[in-house]
Every structure is written in structure tokens, then in C-alpha cells.
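What follows is a set of notes on a single structure, which appears directly below.
What follows is calculated from the coordinates using simple rules that are stated; it is not laboratory data. All values reported here derive from a predicted model rather than from experimental measurement. With ideal geometry, Cβ positions are generated from the backbone for all residues, glycine too; neighbour counts draw on all protein chains shown.
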Amino acid sequence: MLLDFIFNLNLIILAIDHFVTGGSAFLYPERAIKMYKIIFGAELPPNEEYMAIIKPWGALGVFAGYIGLLPLIDPVKYSAVLYGLLILLLVRIYIRLSNAKRAEKYFRLSIKRNLFHVFLIATSVLMIMLQILVGV
């Protein structure tokens, strides 16, 4: 069914995003900072404070990617994962919007680029909400 394919594609893209950004942060934090500049437009200083934070953050990203794949197996059985992803993504939208000025000031993340990523996250949120509503 087309809806199943779209819902699964959304979960796969989310998982890949979490695996790549989280895995690189965990395994190669210095390279991850450079990658974040390209992907997100954020300039993180490669200092000790960020190195202390980025590895555990990366491990959580890998975990989110792995757990996010479970609904591919059985979306009804793992519907709690869908709700968890929904909460995670809504919190990410809130954080991006409420910290937009700080991100621009401290990380040189333009408002326009930040809003583009909010749009991408919101698109994924809508897909997961539809998946929950349809009961797939």
C-alpha cells in the first residue's frame, strides 16, 4: 500500500539521519562538527566543552535511530515508539524555535536555515501523526 511505503520511508529517513549524525558524533566528534556545519549550517567550536557533550549526544542519536526502526516491523505493536518519536520531534521543534536567536548568535545558524530544518521536522511529525491516526 502506498501509505505504508510513505510512512516507512519517513521512519527510514529519520533513522538514517539519527544514525549518521549520532554515529559520527559518537565515533568522530571533530569530523561531526564539520559535518554539522554542512548539514545544519551551525558552527560549533571544537573545544573541550563540546567534545564532552557530543559523544553522549551521539550515542542517544544512534539509539533513537535504532528504536525508530521498530515500527517498520509492526507499527501497531510498536505504536508507543511512534508516540515517542512524535514527542521527540515536537520537542526538537520547540527547542529550535525557542533558541533561534541564541543559535544565530552563538552558532551562526541563520534563522532561515533554522526554519528550513523546523519545516523538515514538522513534515516528519505530520507523517507520524497520520500514521498513528490511520492506525497503520
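Kindly indicate which of GLY61, GLY68 is closer than 18 Å to LEU27 by Cα and touching a residue at least 24 places away in the same chain (Cβ under 8 Å). Let's see the steps before the verdict.
Working: GLY68 fails: closer than 18 Å to LEU27 by Cα.
Of GLY61, GLY68, the one residue that is closer than 18 Å to LEU27 by Cα and touching a residue at least 24 places away in the same chain (Cβ under 8 Å) is GLY61.
For the stretch 38-55, what are the residues that are free of Cβ contacts under 8 Å to residues at least 24 places away in the same chain and either part of a helix (DSSP H, G or I) or under 18 Å from the mean Cα position of the chain (by Cα) (or both)?
Initially, the stretch 38-55 is screened for residues free of Cβ contacts under 8 Å to residues at least 24 places away in the same chain, giving 38-39, 45-53.
Result: ILE38, ILE39, GLU48, GLU49, TYR50, MET51, ALA52, ILE53.
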| Counting only residues that are out of contact with any Leu (no Cβ under 6 Å at 6 or more places or on another chain) and touching a residue at least 24 places away in the same chain (Cβ under 8 Å), how many does the stretch 73-103 have? | 13
| task | Of the conditions (1) part of a helix (DSSP H, G or I); (2) within 21 Å of ARG113 (Cα to Cα); (3) touching a residue at least 60 places away in the same chain (Cβ under 8 Å), THR21 clears all except one; give me its number. | result | (3)
| note | For the stretch 74-105 the number of residues that are exposed (fewer than 15 other Cβ atoms within 10 Å of the Cβ) and part of a loop (DSSP other than H, G, I, E, B) is 3
| message | For the stretch 1-15, which positions are surrounded by 13 or more Cβ atoms within 10 Å (Cβ to Cβ) and under 15 Å from the mean Cα position of the chain (by Cα)? | response | ASN10, LEU11, ILE12, ILE13, LEU14, ALA15
